[in-house]
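Nothing in this text is a laboratory measurement; each read-out follows from the coordinates by a stated rule. Keep in mind the model is a prediction, meaning the values are calculated, not measured. All Cβ positions, even for glycine, are placed from backbone atoms using ideal geometry, and neighbour counts span all protein chains on display.
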């Protein structure tokens, strides 16, 4: 059986230095190679013109060089949001989103091709999980978008297709490479990682004492309602999830963001707001209210504007820090997984 080729874009500088010296080159070549990949965002090994030609050829023959291919871009005419569909080497597809905010340019990336969490309202879960992404495949979503936009990306959100904490080891390596001084050097405080609530890995992440923001996809104020929306709730009780979030704050000093998608007639009543406030009482946190993006295969609809504002006001009455997520890209396939799913459906029909 043929051994897998080393994935050089997923290596840290120390590993890359060992790799280069084993190939018989001076250690400084590793730093040159690293900068080509992570700072100059080279699309191919051929672009690395200050590396010896023989070494470049050796890399092409013996290594995997991850460089995602753009298959489709949807651009919003309203606010400049752009949704990218990328082709992976094995034919899988992933989505990423570029968004402009006053605080800087943000990219939302995927951590898996598909998702196995099965949340009832999410397009990403409809066809299940194809596979985890490599650290290099997560990074290259950011790199290719920055190269395409010719603008610096200052914030990264791991909140696209997939459950990041279901791909824990790749996530940690991705975060390390993304924030390295020799690369894009994005501040940890400008990185957000979302999870639907894998309790052991929330605690493992907390123990790393990183300065990233943890965003918990909560979406319900009680165990019973959460189980109906999110199968993961049957494995990890809401009480244990919230204890893990409190532990995250204790270890990192970073307040937790709770993502709460509002579904008309499901989780948007005054009683839901009261229960939610009770669950979060005394916690250093922030609630992000999200009017759900309708998905063709799902029955969930967003609440009316009045109900959304009423829910926000009720939470504030109980002392909860809350905002309504600014809607970006509403004139394109906004919900996670929609663009990928529609492209794959068209491909299967041809």
### Average Cα contact separation per residue, the range 130-285, under 8 Å, 6 or more apart, as relative contact order %
20
### Task
Evaluate the distance, in nm, between pseudo-label points positioned 7 Å from the Cα of residue 187 and of residue 240 along their respective Cα→Cβ axes.
3.6
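Note down, for the range 155-272, the three equivalent ellipsoid semi-axes (square root of 5 times each alpha carbon gyration tensor eigenvalue), biggest first, whole angstrom.
27, 14, 13
Helix-only mean residue ellipticity at 222 nm, the chain, DSSP H runs n ≥ 4 weighted -39,500 (n - 2.57), per residue, nearest 500. What is it?
Theoretical 222 nm ellipticity from helices: -11000 deg cm²/dmol.
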### Query
With contacts defined as alpha carbon pairs under 8 Å and 6 or more residues apart, what's the relative contact order of the chain in percent?
15
### Message
For the range 160-200, what does the convex hull of the Cα positions come to per residue, in cubic angstrom?
### Response
83
### Summary
Most packed first (mean Cβ within 10 Å per residue), the peptides 186-194, 42-50, 240-248 order as 240-248, 186-194, 42-50
### Query
In whole angstrom, how far apart do the alpha carbon centroids of the range 244-302 and the range 21-37 sit?
46
#### Entry: Between helix 338-349 and the chain: long-axis angle, C-alpha atoms, 0 to 90°, nearest 10
70
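Under 8 Å for C-alpha pairs, at least 6 residues apart: give me the relative contact order for the range 132-195, rounded to a whole percent.
Numbers: 56 pairs, mean separation 26.8, N = 64.
Relative contact order, the range 132-195: 42 percent.
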### Message
Based on alpha-carbon centroids, what's the gap between the range 156-215 and the range 77-122 in Å, whole number please?
### Response
16
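Given the peptides 94-101, 72-79, arrange them by the average over their residues of other C-beta atoms within 10 Å, most packed first. Display every interim value, and only then the final one.
Numbers: 94-101: 22.5, 72-79: 14.1.
By packing density, highest mean first, the sequence is 94-101, 72-79.
With a ≥ b ≥ c taken as the square roots of the eigenvalues of the C-alpha gyration tensor of the range 1-128, please select rounded if a/c is under 1.5 and otherwise prolate if a/b is larger than b/c or oblate if it is not? Display every interim value, and only then the final one.
Working: a/c = 2.55, a/b = 1.72, b/c = 1.48.
Verdict is prolate for the range 1-128.
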### Query
On average over all directions, what projected area in square nanometres does the range 8-62 have, based on the convex hull of its Cα atoms?
3.4
#### Entry: Debye intensity ratio I(q)/I(0), log10, the range 89-199, q values 0.14 Å⁻¹ (C-alpha model)
-0.53
### Task
For the chain, just run the numbers: alpha carbon Rg, then divide by 2.2 N^0.38 Å, N being how many residues it has.
1.04
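Sort 195-208, 133-146 for me by packing, meaning the mean count of neighbouring Cβ atoms within 10 Å per residue, highest on top. All intermediate terms of the calculation are to be shown ahead of the outcome.
On the way: 195-208: 19.5, 133-146: 24.6.
Highest-to-lowest ranking by the protection proxy: 133-146, 195-208.
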### Query
Pairing the Cα long axis of helix 28-38 with the longest principal axis of the chain, what angle in degrees results, from 0 to 90 and rounded to the nearest 10?
40
### Task
Measure nothing fancy, just the Cα-based angle from helix 270-279's long axis to the longest principal axis of the chain, in degrees from 0 to 90, nearest 10.
60
